[in-house]
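In what follows, a structure is listed as structure tokens, so that the remarks can point back to it.
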Amino acid sequence: MPRTDAIATASVPFNKPYVTGSEFAYIQEAIDNAHLAGSGPFSRRCSDFLCDRLGASAVLLTHSCTGALEMAALLADVGPGDEVILPSFTFTSTATAFALRGATCVFVDVRDDTLNLDEQLVEGAVTDRTRAVVAVHYAGVACAMHELKTIAQRNGLMLIEDAAQGYLADVDGSPLGSFGALGALSFHETKNVISGEGGALVINDPALVDRAEILHEKGTNRRAFFRGHVDKYSWVDLGSSFVASELAAAFLWAQLEHDEWITARRLEVWDRYHAGFAGLEAAAALRRPVVPDGRRHNAHMYYLLLPTGAARDRAIAELAERGVNAVFHYVPLHSAPAGQRLGRAAGSLAITDDVSARLLRLPLWVGMSDEQVERVITSVHQVVGG
Ligand SMILES: *Cc1c(COP(=O)(O)O)cnc(C)c1O
């Protein structure tokens with residue numbers, strides 16, 4: 001019989017990777033297949049599944065979402081002097097992928113509701129050097145994709161989605177990752193569906209498929225060779241080893257089989273948090289996430305905005321004392337040392353600076369017990385409810 005004081009002091013971790021139970025069996029199967037490098041049967045199964053889910057022209061599994069974004073930067077053909085518009089409120093990979101090509105990152109502020117790129121500010125940041133715009137779907141809540149698509153088309157920009165957090169979320173029934181010419185997914189252990197490290201490049205523009213396959217295979221036309229389209233394979237373009245290991249793909253397949261179930265379990269926790277904090281929002285003690293009409297999110301994250309940065313920092317410390325591991329999020333890229341060297345701000349980034357100081361992320365993972373969820377809700381009430 002567990003001691004109640006032990007329960008009270010065992011802390012609620014911020015994240016805990018969920019495993020479905022089939023991962024070992026599929027990895028064993030991959031070993032039995034004697035195909036451990038990329039592009040084996042599990043890799044094909046995962047890419048076909050994702051291609052179908054997203055209605056894409058092609059999906060290539062990568063070792064990470066970072067790798068998929070780097071492929072997107074190569075496919076966008078950006079180089080020194082070119083500019084790429086992106087939010088400052090994002091993970092470094094959104095920027096490093098383009099900075100690696102020598103392009104300048106142009107940071108645009110986010111909306112104060114979704115914390116996503118403010119589509120109304122994008123055109124004001126366009127210059128004759130702008131080549132692409134990157135939409136990051138924060139917390140698995142979609143950017144204004146119809147509007148961004150129109151803006152990208154009107155200005156001749158490539159639209160790229162950093163959908164690292166957006167798997168199985170949508171806008172008007174169209175999945176995130178399916179709007180841009182290219183989309184990047186992440187299967188990092190902190191995401192909803194995981195393979196340890198992993199990602200995928202979603203290719204929606206059919207004109208980009210052949211070159212993407214070459215970049216993916218270290219700059220060779222190996223893929224065309226195996227299809228019998230060329231009689232030997234050789235070095236034909238830039239590229240790198242972006243391919244995912246078959247072992248990671250075997251793990252991923254065990255997760256993709258249960259992707260909707262995993263999302264549903266996360267949504268249950270998210271919904272309980274959302275109901276649990278309605279009163280605090282009504283009392284102006286905090287602000288809850290906003291999900292605009294017509295967008296289905298995937299419960300990737302539950303965050304709260306506290307009234308001030310000081311209140312947020314205090315909440316992290318006081319929740320930790322209660323055994324609740326709540327954390328902050330991005331240090332805005334424009335204020336980071338590399339962001340200052342490799343990018344520039346287009347206009348004010350006041351909302352980015354403001355929300356990043358006040359944002360608090362709560363534990364959210366599949367397998368959290370009802371008691372753990374209640375404990376988080378109660379602790380937040382104690383810490384911020386006054
Ligand atoms: C997680 C994440 C990435 C990086 O994903 P990896 O698979 O770890 O490379 C990129 N962008 C955003 C917005 C992310 O959340």
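The values are calculated or read from the model by the stated rules, or taken from the named source; none is laboratory data. None of these values were measured; they are calculated from a predicted model. Using ideal geometry, Cβ is built from the backbone for each residue, glycine included, and neighbour counts are taken over all protein chains shown.
Before moving on, here are some points about what is shown:
- Within segment 75-95, the set of residues being within 16 Å of the ligand (Cβ to nearest atom) and assigned to a helix (DSSP H, G or I) comprises THR92, SER93, THR94, ALA95.
- As for segment 170-187, it holds at least one residue that is more than 16 Å from the ligand (Cβ to nearest atom), part of a loop (DSSP other than H, G, I, E, B) and either of a type in the set (Phe, Trp, Tyr) or within 24 Å of GLU217 (Cα to Cα) (or both).
- Residue in segment 125-132 that is modelled with pLDDT of 95 or more, closer than 20 Å to LEU238 by Cα, buried (at least 21 other Cβ atoms within 10 Å of the Cβ) and within 16 Å of the ligand (Cβ to nearest atom) present: yes
- Scanning segment 289-306 turns up one or more residues that are more than 22 Å from ALA169 (Cβ to Cβ) and either within 25 Å of the chain's Cα centre (by Cα) or touching a residue at least 12 places away in the same chain (Cβ under 8 Å) (or both).
- Boolean, MET71 is modelled with pLDDT of 95 or more, in contact with a Ser or Thr (Cβ under 8 Å, 6 or more places away or on another chain) and under 23 Å from VAL290 (Cβ atoms): no
- The single condition among (1) within 11 Å of the ligand (Cβ to nearest atom); (2) of a type outside the set (D, E, K, R); (3) farther than 20 Å from PRO292 by Cβ that ILE160 does not meet is (1).
- Members of segment 354-377 that are over 23 Å from LEU115 (Cα atoms) and under 22 Å from the mean Cα position of the chain (by Cα): VAL366, GLY367, MET368
- The C-beta contact set for segment 196-212 (first residue under 14 Å from ASP237 (Cβ atoms), second residue within 11 Å of the ligand (Cβ to nearest atom), distance under 8 angstrom, 6+ apart or interchain) is empty.
- Selection count, segment 225-266, where residues are at pLDDT 95 or above, assigned to a helix (DSSP H, G or I) and surrounded by 15 or more Cβ atoms within 10 Å (Cβ to Cβ): 16
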